[in-house]
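Structure first, commentary second.
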Amino acid sequence: MDRLQFFSPVRVSLGRGQPVHDIENVAEALAFLREWPIGRRGPVYRCALNCCAAAMAAQMSAEEARKSFAGFARITGLLIDSGPSPFVASARSGMRRPAT
């Protein structure tokens, strides 16, 4: 697996009726952040941008960058809750395989 790939994608949408995008890796998160309107770039944006840049430079893990990007998406109202992943749900029940 690519070291910049997220374990699970971050699902985002720019609003009701807009397409849902699955951000699956650090490069996609960074591209999304670079398109964010300049007037809406605050400290949470800068944190997510810095974390993604650090992951690209191998100074941070992809999952740490994912958490930062997901936090940005949640705070800005872009995050689409896809519920628990099948792996997480099965891990809680003691099984280690995806649910079918």
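Can you tell me which of A54, A65 is within 12 Å of the chain's Cα centre (by Cα), small (G, A, S) and part of a helix (DSSP H, G or I)?
Details: A54 fails: within 12 Å of the chain's Cα centre (by Cα).
None of the others qualify; the one that does is A65.
Any idea which of V26, V10, V44 is crowded, with 16+ Cβ neighbours inside 10 Å and closer than 14 Å to I75 by Cα? Quick ask: steps written out before the conclusion?
Working: V26 fails: closer than 14 Å to I75 by Cα; V44 fails: crowded, with 16+ Cβ neighbours inside 10 Å.
When all the criteria are applied, what remains is V10.
Can you tell me which of (1) farther than 16 Å from L78 by Cβ; (2) surrounded by 11 or more Cβ atoms within 10 Å (Cβ to Cβ); (3) touching a residue at least 12 places away in the same chain (Cβ under 8 Å) is the one A54 doesn't meet?
Just one mismatch for A54, condition (3).
Output the residue which, of all residues in segment 81-100 that are in contact with a strand residue (DSSP E or B) (Cβ under 9 Å, 6 or more places away or on another chain) and part of a helix (DSSP H, G or I), is modelled with the highest pLDDT. Don't jump to the end; show me each part of the working.
Kept after step one, since they are in contact with a strand residue (DSSP E or B) (Cβ under 9 Å, 6 or more places away or on another chain), are these residues of segment 81-100: 81-82, 85, 87-88.
Now narrow it down to the ones that are part of a helix (DSSP H, G or I): 87-88.
Numbers: F87: 45, V88: 40.
Per the criteria, the residue is F87.
Is it true that some residue in segment 54-64 is in contact with a helix residue (DSSP H, G or I) (Cβ under 7 Å, 6 or more places away or on another chain), farther than 14 Å from V12 by Cβ, modelled with pLDDT of 95 or more and of a type in the set (D, E, K, R)?
Yes: one or more hits.
Filter segment 32-41 down to the residues that are surrounded by 12 or more Cβ atoms within 10 Å (Cβ to Cβ) and either free of Cβ contacts under 8 Å to residues at least 12 places away in the same chain or β-branched (V, I, T) (or both) and list them by number. It would help to see each step written out before you state the result.
Residues of segment 32-41 that are surrounded by 12 or more Cβ atoms within 10 Å (Cβ to Cβ), as a first pass: 32-33, 36, 41.
Within segment 32-41, W36, R41 meet the criteria.
Scan segment 68-80 for residues that are surrounded by fewer than 16 Cβ atoms within 10 Å (Cβ to Cβ) and either among the β-branched types (V, I, T) or in a helix (DSSP H, G or I) (or both) and jot them down. Don't jump to the end; show me each part of the working.
Taking segment 68-80 as the starting set, the residues that turn out to be surrounded by fewer than 16 Cβ atoms within 10 Å (Cβ to Cβ) are 74-75, 77, 80.
Across segment 68-80, the qualifying residues are R74, I75, I80.
The values are calculated or read from the model by the stated rules, or taken from the named source; none is laboratory data. Predicted model, so just to flag it, every value in this text is computed and none were measured. Cβ sites come from the backbone with ideal geometry, for glycine too, and all protein chains shown count toward neighbours.
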